Amino acid sequence: MNNFNINIQKLFSELGNNKNMVLSTSYNDIITSRMMSVIIHNGLFYFQTDRTFRKYPQILNNPNVALCADNISIEGVCTEIGKPRDNNDFINLYKQYYKSSYQIYSSLQNEILFMVEPKYIQRWIYEDSKPYIEVFDFENKVHKKSPYELVNMTNEEIL
């Protein structure tokens, strides 16, 4: 197994099966963010929402989204995958970790399930009280960890 796969497995193990995360979406230069109850399963991020909410048309028109929790930023592509109750893996975990939300919302007619496939993850980590920036580039299968004081990149290098 290569360095990327080993380190991404370690990251997902640390993340666990659920996390409250900020979801940011945008369309036509309007960006919105909100807290979401997220299920993490097999390297993917899942959330349910009502299709009458503002984020729904934003995602349909621009599937590039960002998730953020604690010291982790995730950029990915979001895909509508059906009704929450039609996905057993999701619904079993959602019921376990977000029982009241499951009971109130998961059966509603307008509720829809989305999946976010990560493309780029960045997080701050600390080793021996020193800050590092850890990057996971999914498209190029690259994992990089750099001491913060060495990260003096130009804007072009960051993008």
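The set of residues from the range 88-101 being within 12 Å of Leu113 (Cα to Cα) and over 18 Å from the mean Cα position of the chain (by Cα) comprises just one member, Asn88. Restricting Ile39, Ile30, Ile8 to residues that are hydrophobic (A, V, I, L, M, F, W, C) and surrounded by fewer than 11 Cβ atoms within 10 Å (Cβ to Cβ) narrows the list to Ile30.
Which of the following residues is surrounded by fewer than 12 Cβ atoms within 10 Å (Cβ to Cβ), hydrophobic (A, V, I, L, M, F, W, C), without any contact (Cβ under 8 Å) to a residue 60 or more places away in the chain and under 16 Å from Met36 (Cβ atoms): Ile104, Ile81?
Ile104
Checked against the criterion of being touching a helix residue (DSSP H, G or I) at 6+ places or on another chain (Cβ under 8 Å), closer than 19 Å to Gly43 by Cβ and in contact (Cβ under 8 Å) with a residue 60 or more places away in the chain, the candidates Leu113, Leu93 yield just one match: Leu113. The criterion of at least 2 residues that are under 23 Å from Tyr120 (Cβ atoms) and at pLDDT 95 or above is met by the following helices (runs of 4 or more DSSP H) wholly inside the range 24-107: 55-61.
Please determine, by comparing only the residues of the range 11-23 that are outside any strand (DSSP E or B) and touching a strand residue (DSSP E or B) at 6+ places or on another chain (Cβ under 8 Å), which one is surrounded by the fewest Cβ atoms within 10 Å (Cβ to Cβ).
In this case the residue turns out to be Gly16.
Pairs linking a residue in the range 49-72 that is without any contact (Cβ under 8 Å) to a residue 12 or more places away in the chain to a residue that is in a loop (DSSP other than H, G, I, E, B) and of a type outside the set (A, V, I, L, M, F, W, C), with Cβ atoms under 9 Å and 6 or more positions apart or on different chains, are Phe53/Asn110. When each of Ile91, Ile133, Ile59, Ile112 is tested for being surrounded by 13 or more Cβ atoms within 10 Å (Cβ to Cβ), touching an Asp or Glu at 6+ places or on another chain (Cβ under 8 Å), of a type in the set (A, V, I, L, M) and more than 14 Å from Leu23 (Cα to Cα), the lone residue that passes is Ile112.
Among all residues of the range 69-76, there is none that is of a type outside the set (Val, Ile, Thr), in contact with a helix residue (DSSP H, G or I) (Cβ under 7 Å, 6 or more places away or on another chain), at negative phi and surrounded by 16 or more Cβ atoms within 10 Å (Cβ to Cβ).
The values are calculated or read from the model by the stated rules, or taken from the named source; none is laboratory data. All values derive from a computational prediction rather than experimental measurement. Positions of Cβ are backbone-derived with ideal geometry, glycine not excepted, and every protein chain shown enters the neighbour counts.
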